[in-house]
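Reviewing the structure listed below.
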Amino acid sequence: MALVGPASGGAVARDVLEELAIASRILVDQGVFDAAGHVSMRHPSAPDRFLMSRSLAPALVTADDIMELSLDSEPCEPPGRQPFIERYLHAEIYRARPDVRAIAHGHSPSVVPFGLVSTPLVATYHNAAFLAYGVPVFDIREKFGATDIVINSAARGAALAEALGDTCVVLLRAHGFVAVGPTLPAAVFRAIFTEVSARVQLQAATLGGPMAALDAEEGRKADAINLATVGRSWELWKRRTTG
Ligand code: MN
């Protein structure tokens, strides 16, 4: 008998798989993902399962490439297809944060500097309101010493999830960032505006002087509006990747 993984949480509608594949391509189109980067969503009917592409360049992902995994990062399918080595990052955040239903992880170039220096990433404008909840930096050295930097074990994933805490975005020192959300479009929106706001902050810094970013209360209020209207952005981004 062939070895099989953990049981599936149940069939997932084809259009849900399509949306997740589209999310991957949107994040490439918007300059957040390059040849690397991955986005996942919690299984719609099984909270202890999640969906993400097999290990593949994000621009190439289609619905057929989506795998189902358990929160132990085990594929719910017979051996064969190669999952991402950083699937632990997704699994451990889903385990730690029941409110999170989608996660994006990338290495976009405007964000990386803020994981290297002590200057915090701030919410420069309303689209980036979610950054006003705070943006912790996860330094893998603190717990694991000199590593290959990637989140390729449950222990590393759990430490990252702990660093994320209750916020929406965590930076990974010398690596990239993770954005989470209550829906797939929300996580994609936050990943995109983490990158854009980082770019705006770098530009504002060249002007000198203090940075009058959104404070926590403004952030909460503007984030609520963004979450209520994210569908409009989603439809546009989707159209751009599907023609
Ligand atoms: Mn990575």
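Values as computed for the structure displayed
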quantity	calculated
Any hit, the range 174-181, residues being touching an Asp or Glu at 6+ places or on another chain (Cβ under 6 Å), away from the ligand (no atom under 16 Å from the Cβ) and either closer than 18 Å to Gly219 by Cβ or open to solvent by 30 Å² or more (accessible area, probe 1.4 Å) (or both)	no
Test: residue in the range 169-185 that is in contact (Cβ under 8 Å) with a residue 40 or more places away in the chain and in a helix (DSSP H, G or I)	yes
Residue in the range 63-75 that is within 16 Å of the ligand (Cβ to nearest atom) and open to solvent by less than 30 Å² (accessible area, probe 1.4 Å) present	yes
Residues located in the range 104-122, provided they are part of a loop (DSSP other than H, G, I, E, B) and small (Gly, Ala, Ser)	Ser108, Ser110, Ser118
Criterion violated by Val117 - all others in (1) open to solvent by less than 20 Å² (accessible area, probe 1.4 Å); (2) away from the ligand (no atom under 16 Å from the Cβ); (3) free of Cβ contacts under 8 Å to residues at least 40 places away in the same chain satisfied	(1)
Total residues in the range 130-148, condition within 17 Å of the chain's Cα centre (by Cα), surrounded by fewer than 22 Cβ atoms within 10 Å (Cβ to Cβ) and of a type in the set (A, V, I, L, M, F, W, C)	1
Cβ pairs under 9 Å, 6+ apart, first in the range 214-240 and open to solvent by 60 Å² or more (accessible area, probe 1.4 Å), second hydroxyl-bearing (Ser, Thr, Tyr)	Arg220/Tyr133; Leu227/Thr183
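The values are calculated or read from the model by the stated rules, or taken from the named source; none is laboratory data. It should be emphasised that the depicted structure is a prediction, and the values quoted were computed from it without experimental measurement. Ideal geometry is used to build each Cβ from the backbone, glycine not excepted, and the neighbour counts take in all protein chains shown. Surface areas here come from the heavy atoms of the whole protein model, side chains and all, with no ligands, DNA or RNA. Shrake-Rupley method; radii C 1.70, N 1.55, O 1.52, S 1.80 Å.
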